[in-house]
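Read through the structure below, which is laid out as structure tokens, and then see the notes.
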Amino acid sequence: MNPEAKHIVNELRHKFYTNFAAAMNMPVLITGTSYSSNSPIASWIDRRQRLNYINVYAYTAPDEFVPFRPFILRLAINKSAGRVTVTRKGQVCRGMNLMWDFELTVLPKEILDFLPWIVNLVEAHDKGSPLLLESPPHSFELNVSEVKLFNNAWTEKAWLLANPTMFPNSSLSS
């Protein structure tokens, strides 16, 4: 990843985690980078006292060898669940939430728009009420009703940018 892309990912990750922590109706811990983790994460304990976490990272990004590679971000919830072991002192934790994970792949300019939707997704899942899920701020390549059935979604623009040969006459100008 080139230095500019690294800076953008770090900035967007910091903004997303800070605003996510402020919007959640429960304590959220934001970790920094260390030798044991690739990137900072935001974690929380749900109503069932299970540890959950969210990770924002570059799915693809330009680098010195492929300078025109698409710049696409991924937001992952509870993926690679064995990676997180951080809890706050005094919190009861019954282990990692291995029952639910979700990935959302977006363009960098879309990720902050998804913050309220991700908070809503986490809260709807925690309450066991997928019907409470609101419409996303950007179109998915799958229907919103399918989100509760799948654990992976792409925005249309991210999908088109990552798969340009599938839709050669598509426009990403909007």
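The values are calculated or read from the model by the stated rules, or taken from the named source; none is laboratory data. The shown structure was predicted, so the numbers you read here are calculated from the model rather than taken from an experiment. Positions of Cβ are backbone-derived with ideal geometry, glycine not excepted, and every protein chain shown enters the neighbour counts. For accessibility, only protein heavy atoms count, side chains too; no ligands or nucleic acids. Shrake-Rupley method; radii C 1.70, N 1.55, O 1.52, S 1.80 Å.
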(message) Please go through region 14-26 and give me each residue that is touching a helix residue (DSSP H, G or I) at 6+ places or on another chain (Cβ under 9 Å) and either at pLDDT below 95 or under 19 Å from Glu103 (Cα atoms) (or both), ordered by number.
(response) Lys15, Phe16, Asn19, Phe20, Met24, Asn25, Met26
(request) Among the numbered conditions (1) more than 30 Å from Ser129 (Cα to Cα); (2) open to solvent by 10 Å² or more (accessible area, probe 1.4 Å), tell me where Ala22 comes up short. (result) (1)
(request) Quick one: count up the residues across region 1-14 that are within 12 Å of Ile41 (Cα to Cα) and not polar (S, T, N, Q). (result) 2
(message) Considering only residues that are of a type in the set (Gly, Ala, Ser) and at pLDDT 90 or above, which ones fall in region 27-59?
(response) Ala42, Ser43, Ala58
